[in-house]
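So that we are looking at the same thing, I have put the structure below in structure tokens.
The values are calculated or read from the model by the stated rules, or taken from the named source; none is laboratory data. Everything numeric here is computed off the predicted structure, so don't read it as measured data. Because the Cβ atoms are built from the backbone with ideal geometry, glycine has one as well, and the counts that use them run over all protein chains shown. Side chains included, ligands, DNA and RNA excluded: accessible areas come from the protein's heavy atoms. Shrake-Rupley method; radii C 1.70, N 1.55, O 1.52, S 1.80 Å.
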Number of protein chains: 6
Amino acid sequence: MTETKSALEAGRKIVAILNPDLEGQLSEKYDGLVSDFAETLVEWGYGRHYARPGLDLKTRQLCTISALTVLGGQTAPQLKINIRHTLAAGATRTEVIEAIWQMAVYGGLPAAINGLNAAQELFDEMDQAA
Amino acid sequence: MTETKSALEAGRKIVAILNPDLEGQLSEKYDGLVSDFAETLVEWGYGRHYARPGLDLKTRQLCTISALTVLGGQTAPQLKINIRHTLAAGATRTEVIEAIWQMAVYGGLPAAINGLNAAQELFDEMDQAA
Amino acid sequence: MTETKSALEAGRKIVAILNPDLEGQLSEKYDGLVSDFAETLVEWGYGRHYARPGLDLKTRQLCTISALTVLGGQTAPQLKINIRHTLAAGATRTEVIEAIWQMAVYGGLPAAINGLNAAQELFDEMDQAA
Amino acid sequence: MTETKSALEAGRKIVAILNPDLEGQLSEKYDGLVSDFAETLVEWGYGRHYARPGLDLKTRQLCTISALTVLGGQTAPQLKINIRHTLAAGATRTEVIEAIWQMAVYGGLPAAINGLNAAQELFDEMDQAA
Amino acid sequence: MTETKSALEAGRKIVAILNPDLEGQLSEKYDGLVSDFAETLVEWGYGRHYARPGLDLKTRQLCTISALTVLGGQTAPQLKINIRHTLAAGATRTEVIEAIWQMAVYGGLPAAINGLNAAQELFDEMDQAA
Amino acid sequence: MTETKSALEAGRKIVAILNPDLEGQLSEKYDGLVSDFAETLVEWGYGRHYARPGLDLKTRQLCTISALTVLGGQTAPQLKINIRHTLAAGATRTEVIEAIWQMAVYGGLPAAINGLNAAQELFDEMDQAA
């Protein structure tokens, strides 16, 4: 089915920009639990959403940062991964911080502060690795 | 205090772009319950957040759309108001829809579908008013 | 079992203060779905929690108002019932509004605004019934 | 790509059991906003999840009822649709009510009560249509 | 009061199946903070919910797994305990994983992934202890 | 602008009671990410909310404890800080525990148990420091 095939392919093209190792890492970590985990995630998350026309990749990633911030503590690991992706999509650290801090208005101060903490941790990790 | 004064003023400048009637409407509706409601909201939400440098107003609004979508049903009224603001900030309806639908990945399908419903209702209201 | 019996009885004493019709109304509405709904709710909610020593009833109710506010839209009906209970426990309307509005800091502005809306609706209903 | 094609096909087989009109209804309502909405939902939700081996369809649906209950008010429309699907998968009304009411322990009483309300509304609609 | 007495007793019968040490462990850990914590939890959670007729214990536990997954990170410790209980109620590891992964549809990918992480950690602990 | 200036000043008066080091600590930790973080938080959170008339400081803090409890795991660090503030506002440890445990009714057992865990950790830290 041509159309569906391109969803997975389109997802892989986005992942190649954001985080080329993602599918392999997810496959190694989760395919033992859920047989097609990595492929499904790339197809659905990236092929069916990020690959859509109508909104540029950098803005999509900043929207994700804001959403993960208001979702709160359950998403701290995902927030850090997505901050990396957002920087890879061309955003600055300042834009990331702004997309987090603005969420104090919508998700409350605790969610925003925990988002800032996650960003700070990631920036420190990146600076130490550099 | 000059600095704080400009927070309220800076907030009012943003509101003038997004929704010039907002402070008056909020004041009429809520200041009887909370004496300085409208002024505080403009100062904190718009002066201390949207007015900050580092991220453009349209992207800020799209981030808000995504966050309100994943926060779910409690924010449907705020989502509709903010979709109006997002269009006023220069976004297209397509960009708004994309910022909502992508949230299926992070907040689940029910939250994304309810976000689409709110957007459709607002678009219908706007088209009927036009 | 003496101790457990008093949990239901202790709950009924609290309910007699807050809302004497509560158990009957809940029984009529829900016992057809869940056989012991009303009794269980009075025993658990009021007998095992509100009836405990260590915190006065009015403060317990104000804490509940704040919690229902940050839980968001799913709890609007419960928020209105509990505002009635909070007034019955001796709180003023102003205290109720303050317990709601402060939640803007912790649960975000949408949750707090929706809480204010629920309170305003209830106050209007009470004033029209008076 | 054979494998992915079968995800959509497998999803359609499940939907044929639960609610044969679902894809058409979703397509009519949402494909104007999101071009491949209905197909994507069937592929991802039903093909990539409900169609998986390892857990029977009725239990999957009861798990969904419980999850929608604790997610709270944002999911009331989805809860009603999924109660229909759960009955179609062979569950009794009693099993549905139990899957909702047990959630008082995990999501709190307001979420459970709102879930019971949604179930009662649906049962009334079904009985009136019968 | 016979009826209420049997709630606690009925709860203890369920706990004897799922986790015989539970009440003692909870009592040791929490009764210093909340005097009747363990007894109340067994009475309310297990006696008033799990002990009810109308839904079998294994399905009840799988519903709990799904609910804790969508509730997100706040419930990771409870998720691990309840996975143990679910296995004790006769479910397979595969059924547990399916009840978690399906929640990607309703609670979003981050919640489902964090649920898979908790399950993997527990399975590793169980395998090392074996 | 006299009125707004007093919001920051009024906030600082409250912080002087609850936690004199708070603004300095927040400034050191977060002002590098968000230039006016500490000042804004004191102005908005304490000056615009806690400093308001109509509800006493101790009750405000107990309301915050309950709200942070039902918000769940994302707010554990904020819960511990606010328990300290609540004790500084004159509440007893028992009152704090009651404001947490009652939330089992509204936010479910996992949220309440995690709140008790945070309180126990803080009490242990305070006793070891004493």
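Identify all residues within segment A:64-86 that are within 23 Å of residue A:130 (Cβ to Cβ), open to solvent by 20 Å² or more (accessible area, probe 1.4 Å) and in contact (Cβ under 8 Å) with a residue 12 or more places away in the chain; write none if there are none.
Selection gives A:76, A:80, A:81, A:84.
Also, quick follow-up: Scanning for something outside the structural domain of residue D:111 (by TED's automatic domain parsing), hydrophobic (A, V, I, L, M, F, W, C) and either within 16 Å of the chain's Cα centre (by Cα) or closer than 30 Å to residue C:72 by Cβ (or both), does segment D:22-31 turn up at least one residue?
yes
Within segment F:11-32, can one find any residue that is part of a loop (DSSP other than H, G, I, E, B) and touching a Phe, Trp or Tyr at 6+ places or on another chain (Cβ under 8 Å)?
yes
Which one is least open to solvent (accessible area, probe 1.4 Å) among residues in segment D:16-63 that are of a type in the set (Asp, Glu) and touching a Leu at 6+ places or on another chain (Cβ under 7 Å)?
Top of the filtered list is D:43.
In addition: Would you call residue C:75 hydroxyl-bearing (Ser, Thr, Tyr) and over 18 Å from residue C:58 (Cα atoms)?
Yes.
Identify, from the list A:35, A:66, the residue that is outside the structural domain of residue A:110 (by TED's automatic domain parsing) and of a type in the set (S, T, N, Q).
Of the residues listed, the single one that is outside the structural domain of residue A:110 (by TED's automatic domain parsing) and of a type in the set (S, T, N, Q) is A:35.
Run residue A:4 past the list (1) at pLDDT 95 or above; (2) over 18 Å from residue B:49 (Cβ atoms) and report the number of the one that doesn't hold.
It fails just one condition, (1).
If you don't mind, there's one more thing I want to ask. Only one residue in E:56, E:36 is over 25 Å from residue D:91 (Cα atoms) and among the charged types (D, E, K, R). Which one?
Exactly one residue qualifies, and that residue is E:36.
So, one more: Condition test on residue B:96, is it open to solvent by less than 10 Å² (accessible area, probe 1.4 Å), outside the structural domain of residue B:126 (by TED's automatic domain parsing) and aliphatic (A, V, I, L, M)?
When the stated conditions are applied, residue B:96 does not pass them.
Applying the selection to segment A:110-130, what residues are open to solvent by 10 Å² or more (accessible area, probe 1.4 Å) and away from every other protein chain (no Cβ under 11 Å)?
Hits for segment A:110-130 are A:121, A:124, A:125, A:126, A:127, A:128, A:129, A:130.
Continuing with this model, one more query. Please verify whether residue C:42 is out of contact with any Phe, Trp or Tyr (no Cβ under 8 Å at 6 or more places or on another chain) and assigned by TED's automatic domain parsing to the domain that holds residue C:24, treating the condition exactly as stated.
Against the criterion (out of contact with any Phe, Trp or Tyr (no Cβ under 8 Å at 6 or more places or on another chain) and assigned by TED's automatic domain parsing to the domain that holds residue C:24), residue C:42 qualifies.
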